[in-house]
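Computed from the coordinates by the stated procedures, all read-outs in this text should not be read as laboratory data. The model shown is predicted, which means the values in this text are computed figures rather than measured ones. Please note: Cβ atoms are built from the backbone with ideal geometry, for glycine as well, and neighbour counts cover all protein chains shown.
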Amino acid sequence: MGKISKKTMTKLRRSPVSYFRDTKNEDILFTAMPWFGMDIGGTLTKLVYFEPHNYTFEADDVEAEVLMNIRKYLTKNSAYGATGHRDIHLQMDNVMVNGRKGTLHFIRFPTSEMHNFIELAKSKGMAKLVTSVCATGGGAFKFEDTFRQEVNVKLEKRDELDSLIQGMLFADTNNSHECYYWSDPKEEDSCHKMTYDFSQPYPFLVVNIGSGVSVLAVYGPNDYKRVSGTSLGGGTFLGLCCLLTGCNSFEEAIELATLGDNKSVDKLIKDIYGGDYERFGLPGDLVASSFLGVFSFGQMALKERRDAVSREDLARATLVTITNNIGSIARMCALNEKINRVVFVGNFLRVNPISMRLLAYAMDFWSNGTLKALFLEHEGYFGAIGSLLASDDRV
Amino acid sequence: MQSSSEYEFLAPGLITEVDHLRTGLPSSIKLPDTLEIFRNLKNAKRFAIDIGGSLTKIAYYSLVSHRKVNYEAEKDNAPNEENFTYALSEGARLHFVKFETKYIADCLDFIRSNLVNSKESMSGKSIKATGGGSHKYASLIAEKLGLSVDKEDEMECLIKGCNFLLRNISDEAFVYHRHGNPEYEFQTATPNIFPYLLVNVGSGVSIMKVESEDSYERIGGTATGGGTFWGLGSLITKAKGFDELLQLAERGDHRNADMLVKDIYGGDYKKLGLPADLIASSFGKVCPKRETGGAQYTDADLARSLLFTISNDIGHIASLYAMMHKLNKIYFGGYFLRNHPLSMHTVSFSINYWSRGTVQCQFLRHEGYLGAIGAFLKGAEECDSDKYSWLENYAGSSGLQKSADSGAAPFGQLELDRWESPLRFCPLLKDPANYIPDTVDLNADQEARDYWLACFEESVNKYIERAVASQPYSTTREERAKQLKEKYVSRLHHLKEHPFAFGNLTVRSLLDTIEHCLREFDFPDPFLVQKQLENECAIALLKEWLKELDALSEKERRKELVVSVLAGNMFDWGAKEVATMLESQTFGFEQARENIPDRPWLVDCLDEWLERLEGEPHKKAAIFIDNSGVDVVLGILPFTRWLCSRGTKVILCANSAPALNDVTYSELLVVLKQAAAIDPILAKALHNNDLVAMQQGQVGPCLDLSRLPRDLAEELKTVDLLVIEGMGRAVHTNLNSEFTCESLKLAVIKNRWLAQKLGGQMFAVICKYEKGNT
């Protein structure tokens, strides 16, 4: 099985469709190998590569050789160029994609490096091989012409929200530990991740935090709507952190935030009321908590406070501000839609337990425990996964 | 506290500005001319203060004495100032003064040294204080003023203040259209102001749901407010202070810092309805230089981006709360917006976008005074809303300024005069919630605005001359007249640039402003002599005129009565061109009748009116009357007499205070007495209370039917014929008002420009009869 003749390959390559079903023998034939699903966001491009198992090529096939090379290049490395990364820990083995068993690889790079990616694709001979790639995200529109002109690749545009939801459902189905929540999110010592059974998901709210934020209410596999969003997202966190701390990357910003404390930046309730907040019904331990509502950056109007503040504290305050704001919006959307489960996804949450725990705490606390914040291991890759899956459902 | 979910944003909202108070109390800053600002301080009775991080507002109550000239009927000699008697009338006034908090010590010193009349009586009393700085400055206030300090809950004060303004002040709320005409769309007064959402944007944001005078609930807020704008702005730009940040934002381009939809999609994202220029990620372009090749942005770009970030977010969250609580109206208060066009625009846009047009965002002309007003009202029996209402004094208030205007005065004032009755809507209005008194909105109509502002400026000398002439024995009249002129002319110039400063600019507000200014400079009634002279001349002709009318056939009489009202209405000293004719002294009732143009008139419902008179007599008529002399005596009284003789009860509604040569309530009483002595029908009607005089409750010569004295509004409920006479009441205002009962509007348009604007000629006649419907 799995042998594809050169003739078939040639025939299929002319087709914009990446595969089709052979009605005669019910066998599934593949073309346009390798399989990619791409989600080109405002800041990051997410690339999912499907590596089929039990797949051999005729040794003398030049195109097959290219395929092998690409597979080898992608699967043997974890870094590509200066800015491309493969998230090995997210790799999904033995998953079925469109009837084939294989491994899903997860790769990301900054969208601003798209030209380097295209060069790389050229140099690996991809231009000779692939006629179309499934893509979603704004870049699927923005880079459409570039891909066609530079590497003769047609970007098969997939619906962004469809892809996101299909990708989420696929990941949850194929990974028993995909969905989790944070127990005891407020406590540094006892806080931990707990697997959540998301097999009966509907209805749920999706809060997708990329550069900006989209909020979707999902009632069924194909029944959803975008209910809100905000421009204060991951891009805002990173942009402000760069301005405030001079940091150079998201990872660095998160590292700084981890070491910092927003108490010297924000105005906390106890700063304002001293001990006299009983009048307002605020329990003392809550007030003491850095999780509580504050006036974001409230102390920074004073020069002496600005002069004394550390980069770490500024990064932390930025992270807390953006996260709390998203939490507020998510909570109100959930209430307006009468939905109890809120699934937070998007690359803002990558290596970012601080935000996840803040969101978990906020959802639980402000709702008296009725709202549940859920997270998924493959954070930002669902759009890319979904676009790969939705390859027969073009837009 | 309903539930723990209330905690969330309660605290951020409770204190709005405390965190920006600097340490140390400044005291060496020199005050501008404080006497002009803290007016009538020597009579101050009670104080309240709202101390914020940047602005402080002091409220006080005073009794203002105004001279009133007594109108006396029985005089042997001809009327002139020599034998006038003046009475002092005391009016209550609320003063609100806004100044930068850095002046606080000086202001307190100034107040202390000027409490001439009340220093003793103040001792042992307290001052209500609210705002973030009330705690910090409590001891300073106590020490400087010798008053104990009662701290009041800030949110409660804000809401009290907001309710007070919405109920009392015309054109308080407005919708802002940055690129619209008019830019400021003032909202009409509505009989019911509840429910609404009040969003107070201080350091943080608190959101209150207000359902009635006494019931409100804090429903949420956010930590991202003015403090975030100021704090973050100070970190990422070189701006020093809030206003500098706003000025920076004015000239920046956020597109250099923000990631727009088109930066991600290359254009619109039609499927989700996201336009290309919508901000997808605030500051999203300011990512590490290594990755972007270096985005180019300036401090101004960052400030603008920050302003959009915060304003959009506030609007978004406010709209979510509004939708959650099914409210469609949001009012904004707090120091963040301060009438800054860009911020108001952004908040409005955001609310409209996220609520898909279902929630309307409104701003308040006096939002800065909410807390001070509320604090003052706490327990102030002087302000009992069941007994009194309040009126913005245009002479003593500084109006709305755009905060971006550089060199904006550091001080602001609001003065409110007490009206000794609560005001009510006219119960006969067909659609009270959408009632707009004014026929022409000079905010929106620039041609009309330019004309009227120029027209009022041209006629100011006439007013001044008459004011001076009315007090021949005064030694200060020239000086006061000069000040009056300066004040009024500079106000006209200000309005030319800022037509929105006092709400909708209208002929009515311009006329009211003159009356406020005349009173303020102690020219209580410049037309008194004239009015008295004309009344007496007209009364002398009344008997003969009634005889003439009685000799006519009923059919001719009915027509003649209407024509006489119109002819009488020619006698209007407020109309520039007519005033010149009247000065000739040869202009009499006959000449006036000759000047009434042939029919058909500009608006001519005379036939319908006469046809209606074939039917049942009216049960009760209310007539809003206009000028003294021929107008009231030979026009209105015969008409009234005829109605009375048909068995119709009549209420004659006259102005409460002097306005031009309009007959006032007290003058009307005298005129009626004199007429009764001449005519038995009028005498009988008066005796039987079938003919009564009542007060209109207006300041100037126009008529705002949403602000009538309660007793008049009560009487009007049983009226089936409403007659409105004169240019001020039936043309400048109410020309298009619709009523539930029959109405007859009678006026002669004595202004060439206006007549032409309405499609007629000089002395065009409005005779508009409508059956009315519910």
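Tabulated data
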item	result
Förster radius 35 Å - calculated FRET efficiency between B:Lys271 and A:Met68, Cβ distance, rounded to 0.05	0.35
Mean residue ellipticity (222 nm) of the protein assembly as shown, computed from DSSP H runs ≥ 4 via -39,500 (n - 2.57), nearest 500	-11500 deg cm²/dmol
Residue mean of other protein chain beta carbons inside 10 Å, A:237-247	6
Positive-end extreme of charge dipole, chain B - chosen from B:Leu63, B:Ala567, B:Gly124 (charges on Cβ)	B:Gly124
Value of Rg/Rh across the range B:628-772 [Cα atoms, Kirkwood radius]	0.96
Magnitude of the charge dipole, the protein assembly as shown, Cβ model with Lys/Arg +1 and Asp/Glu -1, debye to 20	2520 debye
Under Karplus coefficients 6.51, -1.76 and 1.60, residue-wise ³J(HN,Hα) of the range A:178-183 in Hz, glycine/proline x	4, 9, 8, 9, 9, 8
Local electrostatic count at B:Ile514 - Lys and Arg +1, Asp and Glu -1, tallied over other residues with Cβ under 12 Å	+3
Dipole of the range B:206-321, positive direction: furthest Cα of B:Val210, B:Tyr297, B:Ser319, with charges on the beta-carbon	B:Tyr297
10 Å Cβ shell holding at most 10 others, DSSP loop, GluC sites (Glu not before Pro): longest site-free stretch of chain B	B:75-613
Range of Cα positions in the range B:106-237 per principal axis (Å), largest first	51, 46, 32
Base-10 log of normalised Debye intensity for the protein assembly as shown (one unit scatterer per alpha-carbon) at q = 0.07 Å⁻¹	-0.77
FRET E, pair A:Asn116, A:Thr75, Förster distance 35 Å, beta-carbon r, rounded to 0.05	0.95
Viscosity 1.002 mPa s, temperature 20 °C, Stokes-Einstein D of chain B from Kirkwood C-alpha radius, µm²/s	75 µm²/s
Under 11 Å, Cβ to Cβ, from A:Asp39 - net charge with Lys/Arg +1 and Asp/Glu -1	+2
Per-residue ³J(HN,Hα) for the range B:758-768, Karplus 6.51 cos²θ - 1.76 cosθ + 1.60, θ = phi - 60°, Hz, x for Gly and Pro	8, x, x, 10, 3, 6, 4, 10, 9, 9, 10
Estimated distance in nm for a label pair at B:Lys771 and B:Ala433, the labels positioned 7 Å out from Cα along Cα-to-Cβ	2.7 nm
Shape category assigned to the range B:446-565 from the gyration tensor of Cα positions, a/c cut at 1.5	oblate
Positive minus negative residues near B:Ser459 (Lys, Arg vs Asp, Glu; Cβ under 13 Å)	0
Filter on B:Lys98/B:Lys430; B:Lys144/B:Lys387; B:Lys485/B:Lys750; A:Lys72/B:Lys285; A:Lys122/A:Lys157; B:Lys42/B:Lys482 - keep pairs with C-alpha separation over 30 Å	B:Lys98/B:Lys430; B:Lys144/B:Lys387; A:Lys72/B:Lys285
Using alpha-carbon coordinates, inclination of helix B:507-520 to the longest axis of chain B, degrees	90 degrees
Square roots of 5 times each gyration tensor eigenvalue, C-alpha, the range B:658-726, largest first, Å	23, 17, 10
Set B:Lys620/B:Lys684; B:Lys160/B:Lys329; B:Lys531/B:Lys649 screened for pairs whose C-alpha atoms are more than 21 Å apart	B:Lys531/B:Lys649
Assigned charges on the beta-carbon of Lys, Arg, Asp, Glu; chain B dipole about Cα centre (debye)	1540 debye
Residue-by-residue Karplus 3J(HN,Hα) for the range B:489-502, coefficients 6.51, -1.76, 1.60, Hz, glycine and proline x	5, 5, 5, 4, 5, 4, 5, 4, 7, 10, x, 8, 4, 10
Global geometry of the range B:397-491, whether rounded, prolate or oblate, following the gyration tensor of its Cα atoms and the 1.5 cut on a/c	prolate
Farthest toward positive dipole pole in the protein assembly as shown [+1 Lys/Arg, -1 Asp/Glu at C-beta], among B:Ala223, B:Pro182, B:Cys162	B:Ala223
Percentage relative contact order, the range B:432-554, counting C-alpha pairs under 8 Å, at least six apart	34 percent
Assigned charges on the beta-carbon of Lys, Arg, Asp, Glu; the range B:614-658 dipole about Cα centre (debye)	240 debye
